[in-house]
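The values are calculated or read from the model by the stated rules, or taken from the named source; none is laboratory data. Please read all numbers here as calculations on a predicted model, not as lab measurements. Note that each Cβ is placed from the backbone with ideal geometry, even for glycine, and that neighbours are counted across all protein chains shown. Just so you know, the surface numbers come from the protein's heavy atoms only, side chains and all, with ligands and any DNA or RNA stripped out. Shrake-Rupley method; radii C 1.70, N 1.55, O 1.52, S 1.80 Å.
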Amino acid sequence: MRKKTAKVNRFISGLHEYIVKHPQFRKRTAEKSEVQIQTEIRPLILNYLERWFESQGYKDYVGKAHKSFYWEGQEGKYGKQRTATFGSRNYPDFIITEPYLLAIEYKQSPNGSIVKQGIGQSIIHTMTDDFHYVYYLFHDESKDKRIEKSIKKDRENGILERMWSEFNVFIKFV
């Protein structure tokens, strides 16, 4: 398991904050498919990377951001080279290769079982050593936001803390 530094924490937390606070980030997703929302999130991730590389002094920060970012289904290095795990290949929704090897998973549902499905996928990403870290964003579509509210309970909060400390999976709910 890769060590988490303050810089890694700032990068992943900053990515999350940038996405969810961006004016183009959709708050209500029930009428949109997961693929549609992922399509809307993709430029936000890319823009965050551009800003990050610019802050690090890269002259061609736009080019660096584009070279460091892949999404599910995109042609290239991260497309067909995945080794099968339990009989299937492991594809996150998005991949950041630099500054950190980070898988990004996005799920949305009014149902808590989808949360657990995404957690399982995220653990596989790091346990196979395909990725060093995972950022998992879950959009709670329940009317009362019961899934998002559940993280205040000891059991769920403990799970989220262990996911980050033991599996390098950073989980956030909106």
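Report the extension gain between Thr128 and Ser142 in nm, rounded to one decimal, defined as 0.36 nm multiplied by the number of residues separating them, less their alpha carbon distance.
So the extension gain works out to 1.8 nm.
Mind grabbing the accessible area of Lys67 for me, 1.4 Å probe, Å², rounded to tens?
150
Which of Asn90, Asn47, Asn157 moves the most in a Gaussian network model of the chain with Cα springs under 10 Å?
Greatest mean-square fluctuation among the candidates belongs to Asn157.
For Asp60, Asp93, Asp144, give me the order by solvent-accessible area with a 1.4 Å probe, most accessible first, ignoring ligands, DNA and RNA.
Asp60, Asp144, Asp93
Calculate for the chain the 222 nm mean residue ellipticity that helices alone would give, adding -39,500 (n - 2.57) per DSSP H run of length 4 or more and normalising by residue count, nearest 500 deg cm²/dmol.
The helix contribution divided over the chain gives -14500 deg cm²/dmol.
Amide H to amide H under 5 Å from Ser109: which residues, 5+ apart in sequence or cross-chain, H placed 1.01 Å off N in plane?
Here His139, Glu141 satisfy the definition.
Please identify, among Ala65, Ala30, Ala103, the residue showing maximal mean-square fluctuation in a Gaussian network model of the chain using a 10 angstrom Cα cutoff.
Comparing Ala65, Ala30, Ala103 in the GNM, the peak value goes to Ala30.
Taking R0 as 22 Å, what FRET efficiency do you get between Ala6 and Thr85 from their Cβ-Cβ distance, rounded to the nearest 0.05? Let's see the in-between values first.
Working: r = 31 Å, r/R0 = 1.42.
According to the calculation, E is roughly 0.10.
Across the stretch 29-164, how many lysine pairs, 8 or more apart or on two chains, come within less than 24 Å at their alpha-carbon atoms?
Final tally of qualifying lysine pairs is 25.
Given a 1.4 angstrom probe, I'd like the percentage of the accessible area of the chain that is carbon and sulfur, rounded to a whole number.
Roughly 51 percent, rounded to a whole number.
I'd like the accessible area for Glu98, computed on protein heavy atoms only with a 1.4 Å probe and all protein chains in place. Round to 10 Å², please.
Solvent-accessible area, nearest 10 Å²: 80 Å².
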